[in-house]
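The values are calculated or read from the model by the stated rules, or taken from the named source; none is laboratory data. Worth saying up front: this structure is predicted, and the values here are computed from it rather than measured. Please note: Cβ atoms are built from the backbone with ideal geometry, for glycine as well, and neighbour counts cover all protein chains shown.
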Amino acid sequence: MRYTTEQIREILRRLDNQRACELGESVAYIRERGIDALRHEELILSYVRKFGRITNRQVRELLGVDIYKASRILKGLVKAGKLRRIGTGDKNASYELEGHG
């Protein structure tokens, strides 16, 4: 079964709410804090493991960030050796797990 980006976001949102309840923390507090950089990386890597690759547009939709933030996150994951860039130019680029493909 294939999921849309919005369905994945909703699943992750529900898991975060469930985790917050289990830990006894206020969901409002977690939402106020926002998703930190480490969580962004986890979400991207999880998406790539499930679907094989990701684009800048998919990162923006998944995380709710702008094109520049998505680019910085993806470049950081490439630099860290976690992802590799596939394709040329910004519009045709996608990213997959390093060592796969």
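Quick notes on this one:
- Residue that is modelled with the highest pLDDT, among those in the range 54-70 that are in a loop (DSSP other than H, G, I, E, B) and surrounded by fewer than 18 Cβ atoms within 10 Å (Cβ to Cβ): ASP66
- Cβ pairs under 9 Å, 6+ apart, first in the range 52-64 and over 14 Å from ASN92 (Cβ atoms), second charged (D, E, K, R) and part of a loop (DSSP other than H, G, I, E, B): ARG60/ASP66
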